[in-house]
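Participant: Pasting in a structure now, in structure tokens, and then I'll have a few things to ask.
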Amino acid sequence: MLCHDDSWVAAYSGKWQVKATMVGSKGLVKRDEFVRILIQCLYSLGYEKSAGCLESESGISYKSAEFKLLESSIIGADWEGCIDSLYGIKNMTDEQRDTALFLVSQQCLLECLGRGDDSLALSLLRKQISKLQVGREKVHKLAFSLFSLGELGLDKVHDDCDVFQELRRNLVNELEKLLPPPITVPDRRLEHLVERVVGSQIDSCIYHNSLDPVSIYKDHSCGRDQIPTETIQILSDHKNEVWFVQFSNNGDYLASSSSDCTAIIWKIQEDGKLVLKHRLSSHQNPVSFVIWSPDDTMVLTCGNSEVLRLWDVETGTCKHTFGDNSFLVSSCAWFPDSKRLVCGSSDPKKGICMWDCEGNEIKAWRGTRMPKVLDIAVTPNGEYLITIFSDKDIRILNVATNAERVISEEHPITSLSVSGDSKHLIVNLNSQEIHMWDVEGLWEKPLRYKGHRQHKYVIRSCFGGVNSTFIASGSENSQVYIWNRSGSDPIEVLSGHSMTVNCVSWNPRRHQMLASASDDQTIRIWGPNPSQKMHLKGLI
């Protein structure tokens, strides 16, 4: 019976030992690897004594036996031993091994040059280094060093051992980054793992909308209080339908335009409330849109089937009028320098014009094949001019190279918006969908967002929030819809307007402020639910 028990223990001891080498509730992490990464982290943070103590207590060394041998050979200038060590390391790709051999051979050559042994250096270059698959450019640069020690900082080295030791230490650091695990631990491995987890939690958090650092004491999750969900102010100064709203780039102003033939510039006060700054009243027809210059000193307004006007934001005066009654502007956009603007016409014969702020034509795109322009945008980095042509086509033109790409949608497009990082664009379709495309053309299909209502009218959407994480849109059912870009269904539907919501704008600096313009003649300013914030404060 005793013998049987001993056998039973022995039979299961191996299993127990396997369990003992793992850490974590799920048994997925190897203990020695975990400890080794902890030691590396302590060293990288400057806690060398603590790292040494952990190595001593755990019996686990941060540096593998193979790397210690390689390091010893390098510091001792045993170059043949270095090469033997590199050939003895398994799981290295040919590219990694050749690169490592090149670095070691380069160090050997440099020391030969530094000591004046040019013949040995030349022999090394011809017989060993030239055979390595590391690229001709590196080999040629090294060959050039035979005739120019000054280029390498070795013209005054000669037998200076301190300089050689420093170069060898640098070589050890380079190899530590190059060699594969488990020979070495990837640089700052623990920080990288933690950042990936935090990044993944942020990406999966549909309400995340903050630039504040995320605590790693607990799993990250945001609530609805991070995005605008409640009306905090209603602006009723327009006397007819409000068609367009846009926040300034610095987030301090809002501009709106209306079928009452006026545009208004609003100032955002320190308490977040908006007050009327200027009413722009020179148009004879309804004002279809208003666009801020990138430096926020000017705005452009476009009357429906009318001219384009340039206004000074500070004084509220009209600085210039572009075009005439024969040039019907359908849309316009600024280039990043705030000195050039581009306008599209609904008349195919007029095409697209680029003007300076004095009204001088810089460039034009015209021709018999030029279709009518419905909407236009310039990416914030100024690299691409994006236009909506003939209802269903998106043309993306590289301004520098004139290379262009056309995306054809199946349904008519009513509006266009570009993300703040210049990487993505969204278009509203009358099929009651919003499509997001990448500007550079890497995607074969768009991301689709649905839930809002759009069939008859021009509805405008926008990017918003930190890193343009969200998309917001108006709707023909009098509501505002908000999506997280990661999902096709809305995460919030905001009620308050009584008629069609034509346009929305998300403040680019105050990430929790949203504006919406409606046919009910009002502009609503949306912010976080104050009761939710008070509730959260009470829990803390």
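The values are calculated or read from the model by the stated rules, or taken from the named source; none is laboratory data. Treat the numbers as computed from the prediction; the structure is a model and nothing was measured. Glycine also receives a Cβ, built like all others from the backbone with ideal geometry; neighbour counts cover every protein chain displayed. Keep in mind that these areas ignore ligands, DNA and RNA; they rest on the heavy atoms of the full protein, side chains included. Shrake-Rupley method; radii C 1.70, N 1.55, O 1.52, S 1.80 Å.
Participant: If I go through the range 243-263 residue by residue, how many of them are under 28 Å from residue 467 (Cα atoms) and not aromatic (Phe, Trp, Tyr)?
Facilitator: Qualifying residue count for the region: 11.
Participant: If residue 342 passes every condition in (1) assigned to a strand (DSSP E or B); (2) open to solvent by 10 Å² or more (accessible area, probe 1.4 Å); (3) under 27 Å from residue 457 (Cβ atoms) but one, which one does it miss?
Facilitator: It is condition (2) that residue 342 fails.
Participant: I'm trying to understand the selection: among the residues of the range 460-481, which are among the aromatic types (Phe, Trp, Tyr), open to solvent by 10 Å² or more (accessible area, probe 1.4 Å) and under 23 Å from the mean Cα position of the chain (by Cα)?
Facilitator: 463
Participant: Same structure again: I'd like the full set of residues that are of a type in the set (Val, Ile, Thr) and under 28 Å from the mean Cα position of the chain (by Cα), limited to the range 295-339.
Facilitator: Listed by number, the residues that qualify are 297, 299.
Participant: Keeping to the range 423-437, report how many residues are open to solvent by 10 Å² or more (accessible area, probe 1.4 Å) and either in a strand (DSSP E or B) or modelled with pLDDT of 95 or more (or both).
Facilitator: 4
Participant: Hey, can you tell me all the residues within the range 291-309 that are in a strand (DSSP E or B) and either of a type outside the set (A, V, I, L, M) or at pLDDT below 95 (or both)?
Facilitator: Across the range 291-309, the qualifying residues are 292, 301, 302, 303, 308, 309.
Participant: Which one of these does residue 285 not meet: (1) modelled with pLDDT of 95 or more; (2) over 30 Å from the mean Cα position of the chain (by Cα)?
Facilitator: Single failed check for residue 285: (1).
Participant: Quick one: what pairs do we get from the range 292-305, first residue touching a residue at least 60 places away in the same chain (Cβ under 8 Å) and under 17 Å from residue 508 (Cβ atoms), second part of a strand (DSSP E or B) and open to solvent by 10 Å² or more (accessible area, probe 1.4 Å), C-beta under 8 Å, 6+ apart or different chains?
Facilitator: Here the result reads 294/334, each pair linking the range 292-305 to a residue that is part of a strand (DSSP E or B) and open to solvent by 10 Å² or more (accessible area, probe 1.4 Å).
Conditions (1) over 23 Å from the mean Cα position of the chain (by Cα); (2) loosely packed, with under 15 Cβ neighbours inside 10 Å; (3) in a helix (DSSP H, G or I), marked per residue:
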position: 182; (1), (2), (3): yes, yes, no
position: 191; (1), (2), (3): no, yes, yes
position: 196; (1), (2), (3): no, yes, yes
position: 199; (1), (2), (3): no, yes, yes
position: 203; (1), (2), (3): no, yes, yes
position: 211; (1), (2), (3): no, yes, no
position: 218; (1), (2), (3): yes, yes, no
position: 222; (1), (2), (3): no, no, no
position: 232; (1), (2), (3): yes, no, no
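Participant: Of all the residues that make up the range 364-382, how many are over 23 Å from residue 460 (Cα atoms) and either open to solvent by 80 Å² or more (accessible area, probe 1.4 Å) or modelled with pLDDT of 90 or more (or both)?
Facilitator: 3
Participant: On to the next question. Run residue 441 past the list (1) assigned to a strand (DSSP E or B); (2) open to solvent by less than 40 Å² (accessible area, probe 1.4 Å); (3) more than 25 Å from residue 244 (Cβ to Cβ) and report the number of the one that doesn't hold.
Facilitator: If we test residue 441 against (1) assigned to a strand (DSSP E or B); (2) open to solvent by less than 40 Å² (accessible area, probe 1.4 Å); (3) more than 25 Å from residue 244 (Cβ to Cβ), just (1) comes out false.
Participant: Then there's this: Let me spell it out: the conditions are (1) over 26 Å from residue 396 (Cβ atoms); (2) hydrophobic (A, V, I, L, M, F, W, C); (3) open to solvent by less than 20 Å² (accessible area, probe 1.4 Å); (4) not in a strand (DSSP E or B), and residue 499 meets all of them except one. Which number is the exception?
Facilitator: Residue 499 satisfies every listed condition except (3).
Participant: Would you mind stating whether residue 504 is at pLDDT 95 or above, open to solvent by 30 Å² or more (accessible area, probe 1.4 Å) and not in a loop (DSSP other than H, G, I, E, B)?
Facilitator: No: the conditions fail for residue 504.
Residue-by-condition table, conditions (1) hydrophobic (A, V, I, L, M, F, W, C); (2) at pLDDT below 90:
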{"position": "9", "(1), (2)": "yes, yes"}
{"position": "16", "(1), (2)": "yes, yes"}
{"position": "48", "(1), (2)": "no, no"}
{"position": "60", "(1), (2)": "yes, no"}
{"position": "65", "(1), (2)": "yes, no"}
{"position": "70", "(1), (2)": "yes, no"}
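Participant: Something else: Being over 32 Å from the mean Cα position of the chain (by Cα), polar (S, T, N, Q) and crowded, with 17+ Cβ neighbours inside 10 Å is the filter here, so list the residues in the range 234-274 that pass it.
Facilitator: 258, 259, 262
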